[in-house]
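Worksheet for the structure shown next.
The values are calculated or read from the model by the stated rules, or taken from the named source; none is laboratory data. Only a predicted model underlies this, so the values are computations on that prediction, with no experimental measurement involved. Heads up, the Cβs are rebuilt from the backbone with ideal geometry, glycines too, and the neighbour counts pull from every protein chain shown. For accessibility, only protein heavy atoms count, side chains too; no ligands or nucleic acids. Shrake-Rupley method; radii C 1.70, N 1.55, O 1.52, S 1.80 Å.
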Amino acid sequence: MEVLYLKDLLELIAKNIVDNPSEVKVTKVEGSQSVILELEVADEDMGKVIGKKGRIAKAIRTVVKAAVTKKKKRVIVEIIQ
């Protein structure tokens, strides 16, 4: 249940940052101790999601990790092409 919430949260954040929200795709890979969320955006939006020196990407990861702090699960956000 919480993984679906995190997936929706990541998708909402990404869609509000990029120019092509229809091309935002979030997939989850769930393990026993951790969850990997893969964020895929259009090539021209990659810079917007990463930001200068990775600041936007770091902020996105921080927000998603804060949302799962009490669940004792590790969340990894990967930005892929």
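Count the lysine pairs in the chain that are 8 or more places apart or on different chains: how many have C-alpha atoms under 12 angstrom apart?
Lysine pairs satisfying the spacing and distance rule in the chain number 6.
Can you list the HN-Hα couplings for segment 10-22, worked out from phi with the Karplus curve (6.51, -1.76, 1.60; θ = phi - 60°), rounded to whole Hz and with x for Gly and Pro?
Ordered by residue, 3J(HN,Hα) equals 4, 5, 5, 4, 5, 5, 7, 9, 7, 7, 10, x, 6 Hz.
Please report, as a whole percent, how much of the solvent-accessible surface of the chain comes from carbon and sulfur atoms (probe radius 1.4 Å). Kindly include the intermediate steps, with their values, before the conclusion.
Values: 2800 of 5420 Å².
Carbon with sulfur: 52 percent of the solvent-accessible area.
Considering only DSSP states other than H, G, I, E and B, which trypsin sites (Lys or Arg not before Pro) in the chain qualify as loop sites with at most 12 other Cβ atoms within 10 Å?
Those satisfying the criteria are LYS72.
With +1 on the Cβ of every Lys and Arg and -1 on the Cβ of every Asp and Glu, and nothing else charged, how large is the dipole of segment 1-73 about its Cα centre, in debye rounded to the nearest 20?
Roughly 660 debye, rounded to the nearest 20.
Could I have the simple spin-label model distance between ASN20 and LYS70, label points 7 Å from Cα toward Cβ, reported in nm to one decimal?
It is 3.9 nm.
Rolling a 1.4 angstrom probe over the protein heavy atoms, how many square angstrom per residue are accessible across the chain?
Ligands and nucleic acids excluded, the figure is 67 Å² per residue.
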